[in-house]
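Below: the structure, in structure tokens.
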Ligand code: SAM
């Protein structure tokens, strides 16, 4: 009886576009995501946007402690009931906006890290990433579904269309890996774009960073400010305090041709560029 009541309820819950509600309805995909995530049973998992529980239920079979944060009160109520009917007691469901959620509220044994999973509402992918970066010290791996174009940008190699500021700023803090392509037909309602699951491993930041994040960010943003221009011209416009001559000398001295375009520079070359700007800043301060 109770099971029938739940199924009828979910059909009456109209998906809300503004909350990015596209639910996984292909039963094979959640299993594939959970198995490719490879979490350990003793891991503490934070799930972002559990919705109707497509990922939560398979996860709950293997993981002992899950905190699931859902903003939509209708879905939180539905999922709470679904979990209770299924006799699942290892999921703490929190009805809150993930952007306001306090990560420190997750009970964590000493020296353990939070593992994150989520089929993200695409309209908040960027602020969620910023929040994860902010809390990176307490995080292990984050296994997240993005719209495919964003996933390609996060994982793009140099000299490809997707390679840009987002690729580099993420790589500074975490190692990204493409895990799984998910076609739009796996969702209800069917979105306009395909998706991809990406793992961000915050325990593996870029190994030889050498410069602070602010200098790195400035170099990346400046170099990509005008993607079609040369490095020198793009940086010139972005950093008016640096004379073109100083920029050119600094780059040439460290083996970076100022006539190159930002998209051709590797992570190591961006770190070199950042260290030049850091030195120049000290000279001009
Ligand atoms: N995980 C479910 C699935 O795969 O079927 C639902 C995924 S759906 C793309 C995104 C979910 O995130 C929805 O349940 C939506 O209500 C929820 N959501 C949207 N904005 C949120 C926010 N700011 N904080 C927490 N959850 C949010």
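Derivation of every value follows stated rules applied to the coordinates shown; laboratory data play no part. Everything numeric in this text was worked out from a predicted model, so none of it was measured. Heads up, the Cβs are rebuilt from the backbone with ideal geometry, glycines too, and the neighbour counts pull from every protein chain shown.
Some values worked out for this structure:
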{"read-out": "Cα gyration tensor category, rounded, prolate or oblate, for the range 55-137 with a/c compared to 1.5", "value": "oblate"}
{"read-out": "Degrees, to the nearest 10: 213-224 long Cα axis against longest axis of the chain", "value": "80 degrees"}
{"read-out": "For the range 213-284: relative contact order, % (alpha-carbon pairs under 8 angstrom, 6 or more apart)", "value": "40 percent"}
{"read-out": "Residue-span extension gain [residue 112 to residue 178] - 0.36 nm each, minus C-alpha spacing", "value": "21.3 nm"}
{"read-out": "Packing-based order for 71-79, 129-137, using average beta carbon neighbours within 10 Å, highest first", "value": "71-79, 129-137"}
{"read-out": "Nearest 10 degrees, 0 to 90: helix 73-85 Cα axis against the chain principal axis", "value": "50 degrees"}
{"read-out": "Cα gyration tensor shape of the range 2-201, rounded if a/c is under 1.5, else prolate or oblate by comparing a/b with b/c", "value": "oblate"}
{"read-out": "Helix 125-134 vs. the chain, principal-axis angle (Cα, 0 to 90°, nearest 10)", "value": "70 degrees"}
{"read-out": "Order by protection proxy (mean Cβ within 10 Å, highest first), peptides 58-70, 153-165", "value": "58-70, 153-165"}
{"read-out": "In nm, spacing of pseudo-spin labels at residue 227 and residue 204 (7 Å Cα→C-beta vector)", "value": "2.7 nm"}
{"read-out": "Percentage relative contact order, the range 2-201, counting C-alpha pairs under 8 Å, at least six apart", "value": "21 percent"}
{"read-out": "Spin-label pair residue 245/residue 73, simplified geometry with 7 Å Cα→Cβ offset, distance in nm", "value": "6.6 nm"}
{"read-out": "Rounded if a/c under 1.5, otherwise prolate or oblate - the range 213-284, Cα gyration tensor axes", "value": "rounded"}
{"read-out": "Choice from 219, 259, 37 with maximal GNM fluctuation in the chain (Cα, 10 Å cutoff)", "value": "259"}
